[in-house]
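Here the structure is laid out as structure tokens; the discussion comes afterwards.
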Amino acid sequence: MINTAPPEKTSHYLERIAQEAGFIDQTIRDLLEFSRPAAAEDQVFAADDAVDEALRMLSFHKMMKHIEVKRTSPQKSPLIKGGKKEITQAVMNIALNAAQAMKGRGTLDVSTGIESAAALIKIRDTGPGVKPENLKRIFDPFFTTRGDGVGLGLSITYKIIERHNGLIQVLSPPGSGAEFDILLPLAPPEQPENERANSGS
Ligand SMILES: Nc1ncnc2c1ncn2[C@@H]1O[C@H](COP(=O)(O)OP(=O)(O)OP(=O)(O)O)[C@@H](O)[C@H]1O
Ligand SMILES: [Mg+2]
């Protein structure tokens with residue numbers, strides 16, 4: 001495409017190549033790291049930043065071209081603690097699955113908020129949903145119903161959420177798409193400087 005494209009398109013294609021190379025790089029890293037615990041990246045970040053970054057990265061993916069993304073976020077994003085890149089990856093895996101289940105056409109509802117004193121990330125699609133007999137197996141490594149799937153996306157996602165002391169669940173009522181809910185512990189509130197000095201421990 002670069003060979004035949006007009007010069008003004010070249011940088012666009014190069015950007016796409018860099019993005020896709022990033023995907024490949026991440027996938028290989030995930031494979032290599034699958035069985036060993038991740039180097040504990042430990043930062044406090046807004047759940048919404050990870051979600052928005054995941055949607056931004058995915059927006060370059062061809063599966064997303066005709067997907068309508070509806071994004072609902074709270075005024076103040078819940079803060080969580082851990083690896084921002086990992087949470088971004090988890091959201092990407094779920095959202096890409098949703099786009100694939102919808103065969104590239106449908107609506108992806110992504111909302112964030114606080115529920116039961118935890119950060120909640122909700123990703124809902126308008127695809128065919130998960131068959132009841134598969135619900136128990138979709139988080140297993142190498143379980144796939146897609147011809148070109150490896151079956152690692154959700155098992156990696158599960159591990160990431162587990163490492164963050166979170167929960168992930170899937171809801172798929174017959175006839176209304178699939179919904180993946182991620183619950184993550186809120187980061188403990190920052191102690192003001194003067195209280196920290198007086199806390200005595
Ligand atoms: N949103 C969804 N709607 C319907 N089925 C889903 C959805 N998300 C996941 N699944 C089912 O769960 C299976 C496992 O998903 P997972 O992401 O682990 O693997 P994959 O997408 O098949 O392959 P990979 O992610 O490795 O490319 C899928 O093959 C599909 O059957
Ligand atoms: Mg997948």
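The values are calculated or read from the model by the stated rules, or taken from the named source; none is laboratory data. In this text the structure is predicted, and so the values were computed from the model without any measurement. Note that each Cβ is placed from the backbone with ideal geometry, even for glycine, and that neighbours are counted across all protein chains shown. Ligands, DNA and RNA are stripped out before the accessible areas are found, and what is left, the full protein with its side chains, is counted by its heavy atoms. Shrake-Rupley method; radii C 1.70, N 1.55, O 1.52, S 1.80 Å.
As a ratio to 2.2 N^0.38 Å, the alpha-carbon radius of gyration computed for the chain takes the value 1.13.
Semi-axes of the equivalent ellipsoid of the stretch 76-182: what are they in whole Å, largest first, if each equals the square root of 5 times a C-alpha gyration tensor eigenvalue?
Working: eigenvalues 98, 52, 32 Å².
Ellipsoid semi-axes (Å, largest first): 22, 16, 13.
Using θ = phi - 60° in the Karplus curve 6.51 cos²θ - 1.76 cosθ + 1.60, the 3J(HN,Hα) couplings for the stretch 134-144 round to 9, 3, 6, 10, 5, 8, 6, x, 6, 7, 8 Hz; x is entered for Gly and Pro.
Can you give the calculated 222 nm mean residue ellipticity of the chain, where each DSSP H run of n ≥ 4 adds -39,500 (n - 2.57) and the sum is split over every residue, rounded to the nearest 500 deg cm²/dmol?
Values: 5 runs with 74 residues, N = 201.
After summing the helix terms and dividing by residue count, I get -12000 deg cm²/dmol.
What FRET efficiency, computed as 1/(1 + (r/R0)^6) with R0 = 30 Å and r the Cβ-Cβ distance, is obtained for residue 116 and residue 191, rounded to the nearest 0.05?
With R0 = 30 Å, the Cβ-Cβ based efficiency is 0.80.
Write down the percent of antiparallel bridges among all DSSP beta bridges whose residues are both part of the chain, to the nearest 5. Percentage antiparallel, nearest 5: 80. If you plug the beta carbon distance of residue 65 and residue 29 into 1/(1 + (r/R0)^6) with R0 = 25 Å, you get a FRET efficiency near 0.45.
Listed by chain and number, the aspartates and glutamates whose alpha-carbon sits under 20 Å from that of residue 103, ignoring those within fewer than 8 places in the same chain, are 20, 68, 125, 148, 179.
In this label model, residue 134 and residue 49 are separated by 3.6 nm, measuring between points 7 Å along each Cα→Cβ vector. Between the listed residues 182, 64, 123, the Cα displaced farthest toward the positive end of the dipole of the chain, a dipole computed from Cβ unit charges relative to the Cα centre, is found at 64. Take every Cα pair under 8 Å whose residues are at least 6 apart in sequence, average their separation, divide by the length of the chain, and the relative contact order is 19 percent. The apolar share of the surface of the stretch 42-188, taken as the fraction of accessible area on carbon and sulfur atoms (1.4 Å probe, ligands and nucleic acids excluded), comes to 52 percent. Ellipsoid semi-axes for the stretch 131-185, based on the Cα gyration tensor and the rule √(5λ), read 20, 16, 8 Å when sorted largest first.
Excluding same-chain neighbours fewer than eight residues apart, the lysines reachable from residue 76 by a Cα-Cα span under 22 Å are 84, 85, 122. Dipole check for the chain: with +1 at the C-beta of Lys and Arg, -1 at the C-beta of Asp and Glu, and the Cα centre as origin, the magnitude is about 600 Debye. Descending by average beta-carbon neighbour count within 10 Å, the peptides 16-27, 151-162 line up as 151-162, 16-27, the highest first. The 3J(HN,Hα) values that the Karplus relation (6.51, -1.76, 1.60; θ = phi - 60°) gives for the stretch 124-132 are, in residue order, 10, 10, 10, x, x, x, 9, 4, x Hz. Gly and Pro appear as x. Label-to-label distance, residue 81 versus residue 145, with points set 7 angstrom from Cα along the beta-carbon direction: 3.9 nm.
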